[in-house]
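Report on the structure given below.
The values are calculated or read from the model by the stated rules, or taken from the named source; none is laboratory data. Because the structure is predicted, anything quoted here is derived from the model rather than measured. Neighbour counts run over all protein chains shown; Cβ positions are idealised from the backbone, glycine included. Just so you know, the surface numbers come from the protein's heavy atoms only, side chains and all, with ligands and any DNA or RNA stripped out. Shrake-Rupley method; radii C 1.70, N 1.55, O 1.52, S 1.80 Å.
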Amino acid sequence: MSEKIKIITGNDLRTGDVIWWTGEGWSRHVDNAVAVTHDADAIIARENAKQVVTDTHVIDAVAADGAVRPAHIKDRIRALGPTVRLDLSLKPADPQAGSWVI
Amino acid sequence: MYQYDQHDQAMVDARVAEFRGQVARRLSGELTEDQFKPLRLKNGLYLQLHAYMLRVAVPYGTLNSAQMRVLGDIADKYDRGYGHFTTRQNIQYNWIKLADAPDILADLAKVQLHAIQTSGNCIRNTTADHFAGAAADEVADPRPYAELLRQWSTFHPEFDYLPRKFKVAIIASETDRAAMRLHDIGIQIVKNEAGEIGCKFFAGGGMGRTPMIAPCIAEFVPALQMISFLEAALRVYNRHGRRDNKYKARIKILVHEIGVAEYSRQVQEEFAHILTLGLEPPPAELERIKGMFADPGLESGLSDDLDRSDPDFALWVDQNVHTHKQAGYAIVTISLKPVGGIPGDATAYQIRLMADLARDYSLDELRVSHAQNIVLPHVKKADLYRVWQALDAAGLATPNLDLITDIIACPGLDYCALANARSLPLAQKITDRFADIGRQRELGELKLKISGCINACGHHHAGHIGILGVDRKGVENYQLLLGGAESADTSLGTITGPGFSEDGVVDAIEKVTDVYLARREGAERFLDTYRRIGMAPFKEAIYG
Ligand code: HEM
Ligand code: SF4
């Protein structure tokens, strides 16, 4: 079963890392992202005020079997890393990681 | 090369200190992102797809070996071991941490580099012919003029909030190696019949969503009035350029809307007024700058002999080495486009190696070309073989300059937040398909340029073959263009028709090259054949 959801993403203010809202904090791994609903604006406002994340925004995604896949290719590349440098991506050991993006 | 005086150094150092304070206040939460963003952008620090990106200016594309070495060191110390040389003759680092940014700028300042004029609606870093000072066909070295322009434009208060970004390119030969007429202002240094040096001005060129070729707005402005004329050209733009619509804000739209005659008339009127104000820098300043470029230390009386017995070396010489103005010297272009590689990327090790080669064999000078390659401008022919061996050992001796695999590509969707499609994997696939060097040479000069969106950072409008990445319902799609060019015969490419998938566009390119091979006459380049036979036969082959 797959489900269309909305998730929150942003960048770590200090490192610039792409991060995802987990319900309790922020993770670099999109699979840890949780679905948000009408509470999204309140979460973003609260987290922005802490001045540790930047460029926070809501995106569309699909949840299936415990995995989360952003709906748009741009967000999938953000979640993985550059497809031409998988060695620098979040899945350096997976030579097929690039195909997850497409 | 130019050396900073105490004023240059003080300005750059003050800027580093100021930014250090701004970053500290952002990290402590004193500044919000809305307040901080314009400040970081003014220092070349963007937020891109995966991290902060720092764009470092390389004024008019010229570097000495100490500067190049620091560029390599930064890649190791603060980034992930590589940098990306761009079509704007700059270098970008993709994985910068905010807290490190002031330290990086401080490291840069020690070797007279900075990230000023690399973002925002100001006059951006000036670009120039990458063969400046070495080319046999130049009427003068354009770099002293570019340096004067740098000094005038840096922090120019009147032009710090223009309607939009403003890019100036400067050349001094009939052969345009800097895509000069695709800039907001293009300057060609020329000599008049009396033998005096002056500037031929072009205005209103650009790429982006409405590409335009700059028309000439003044045939000859005396060199000692160059700054006054620029001041006038910018002032008219600043006054009338549109601020209501970002997509119509570049000078090209103004020149197009009011017409080149009216724009020129207003510039001339303003110019006459400015000449009465005495704004031009004193002639002594230009002379002082010229003095620093005059003699890089070229020896005379050297032999032009070359031992071509190693066939791989001979191939590289034929493709990547150009004639120097001085006998016994050559201009070497180091290709950053290996087959399967990422156009413009170089590792820290490679960057430092190129720095060493410049120190030992090129009178301490390097250039970044707008085609994303590196130039060693002053190499003795007697040293060429040694230089080639060192480059070859570091994967830097690909003999493909101006061939189909010498691709210009913007970062695209792998790194850029504005992108619609990836350009880098496509570049890799094209180089894989055309990997055979014999086949590439058979195709001859063929400039292929890829942009990941309509902003055209990869110059796709000016490619003999251009590729534009678009988003088709969330799927990457590529439009193919033919017939663009960026040299003396600048022209804009035409879209062939419906777009392609990534693999589809590689196939289409192959068909296009097949048509060329079948139809070319004599020594025609791809572009010449296209211009003679037109789009129809290519279209037929691709879609027929
Ligand atoms: C990665 C961050 C980048 C961003 C956000 C960016 C943004 C833009 C935008 C918005 C434009 C269109 C401006 C207009 O039409 O008014 C543009 C044009 C351009 N950019 Fe970039 N760009 C980026 C990277 C690059 C790189 C890596 C290069 C060099 C390879 C480059 C070189 C250019 C050039 C040559 C143009 C076209 C000339 C012009 O009309 O200004 N840019 N860029
Ligand atoms: S052309 Fe588009 S995708 Fe490529 S670097 Fe420029 S803004 Fe990014």
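At a glance:
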{"read-out": "Cα pair count fraction exceeding 38 Å, expressed as % - the protein assembly as shown", "value": "34 percent"}
{"read-out": "Of the DSSP H helices in chain B, those whose Cα atoms cover at least 20 Å axially and whose Kyte score averages 0.0 or more", "value": "B:226-240, B:502-519"}
{"read-out": "Pairwise label distance in nanometres, B:Q389 with B:D312, each label 7 Å out on the Cα-Cβ vector", "value": "1.2 nm"}
{"read-out": "Within chain B, longest stretch free of exposed GluC sites (Glu not before Pro) [DSSP loop, at most 13 other beta carbons within 10 Å]", "value": "B:300-520"}
{"read-out": "Along each principal axis, Cα extent of segment B:6-110, largest first, Å", "value": "40, 36, 23"}
{"read-out": "Label-point separation, B:T32 to B:L302 (7 Å along Cα→Cβ), nm", "value": "6.0 nm"}
{"read-out": "Value at 222 nm in deg cm²/dmol, rounded to 500, when DSSP H runs of n ≥ 4 in chain B each add -39,500 (n - 2.57)", "value": "-11500 deg cm²/dmol"}
{"read-out": "10 Å binning of all Cα-Cα separations within chain A, expressed as whole percents from 0 upward", "value": "16, 48, 30, 6"}
{"read-out": "Mean-position separation - Cα centroids, segment B:250-319 and segment A:60-102, in angstrom", "value": "45 Å"}
{"read-out": "Diffusion coefficient, µm² s⁻¹, Stokes-Einstein with Kirkwood Rh over alpha-carbon pairs of segment B:424-544 at 25 °C and 0.890 mPa s", "value": "170 µm²/s"}
{"read-out": "Violating pairs (Cα-Cα greater than 23 angstrom) within the set A:K74/B:K511; B:K447/B:K511; B:K337/B:K447; B:K290/B:K447", "value": "A:K74/B:K511; B:K290/B:K447"}
{"read-out": "Pairwise Cα inverse-distance average, inverted: Kirkwood Rh of segment B:298-448 (Å)", "value": "16.1 Å"}
{"read-out": "Inter-chain shielding of B:22-28 (mean C-beta neighbours from other protein chains, 10 Å cut-off)", "value": "1"}
{"read-out": "Charge dipole (debye, nearest 20) of segment B:127-291; +1 at Cβ of Lys and Arg, -1 at Cβ of Asp and Glu", "value": "920 debye"}
{"read-out": "Shielding by partners - mean other protein chain Cβ count within 10 Å, residues of A:46-53", "value": "2"}
{"read-out": "In nm, spacing of pseudo-spin labels at A:L90 and B:K325 (7 Å Cα→C-beta vector)", "value": "5.4 nm"}
{"read-out": "Cα pair distances in segment B:259-305, grouped into 10 Å bins until the bin that holds the longest one, percent each", "value": "19, 23, 21, 18, 13, 5"}
{"read-out": "B:M1 - accessible surface, heavy atoms, 1.4 Å probe, Å² rounded to 10", "value": "40 Å²"}
{"read-out": "Trypsin sites (Lys or Arg not before Pro) restricted to DSSP loop in segment B:390-485 with at most 15 other C-beta within 10 Å", "value": "B:K473"}
{"read-out": "Histogram of C-alpha separations across segment B:157-308, 10 Å bin width, %", "value": "10, 35, 32, 14, 6, 3, 0"}
{"read-out": "Chain A - mean residue ellipticity at 222 nm from DSSP helices (-39,500 (n - 2.57) per run, n ≥ 4, rounded to 500)", "value": "-6000 deg cm²/dmol"}
{"read-out": "Ellipsoid semi-axes in whole angstrom, largest first, where each is sqrt(5λ) of the Cα gyration tensor of segment B:311-393", "value": "19, 14, 12"}
{"read-out": "Dipole magnitude (debye, nearest 20) for segment B:6-110, charges at Cβ of Lys, Arg, Asp, Glu", "value": "180 debye"}
{"read-out": "Segment B:30-69-segment A:7-44 distance, computed between alpha-carbon centres (Å)", "value": "26 Å"}
{"read-out": "Mean shadow area of segment B:116-243 over all directions, Cα convex hull, nm²", "value": "7.7 nm²"}
{"read-out": "Candidates A:D41, A:D31, A:D65: whichever shows maximal mean-square fluctuation once chain A is modelled as a Gaussian network with Cα springs under 10 Å", "value": "A:D65"}
{"read-out": "Equivalent ellipsoid dimensions for segment B:366-453 as semi-axes, Å, which come from the Cα gyration tensor, largest first", "value": "27, 17, 11"}
{"read-out": "Chain lengthening between B:I258 and B:L277 when straightened (0.36 nm per residue, less Cα-Cα)", "value": "4.1 nm"}
{"read-out": "Cα centre as origin, Lys/Arg/Asp/Glu Cβ charges: the protein assembly as shown dipole, Debye", "value": "1560 debye"}
{"read-out": "Protein accessible area in chain B, 1.4 Å probe - carbon and sulfur %", "value": "51 percent"}
{"read-out": "Within 10 Å of each Cβ in A:10-21, the average number of Cβ atoms from other chains", "value": "5"}
{"read-out": "Gap separating the Cα centres of segment B:464-502 and segment B:364-390, nearest whole Å", "value": "32 Å"}
{"read-out": "Pairs of alpha carbons in chain B whose separation is greater than 45 Å (percent)", "value": "11 percent"}
{"read-out": "Chymotrypsin sites (Phe, Trp or Tyr not before Pro) within segment B:142-208, DSSP loop, no more than 15 other Cβ atoms inside 10 Å", "value": "B:F155, B:Y161"}
{"read-out": "Largest-first ellipsoid semi-axes for segment B:340-385, taking √(5λ) over the Cα gyration tensor eigenvalues, angstrom", "value": "20, 12, 10"}
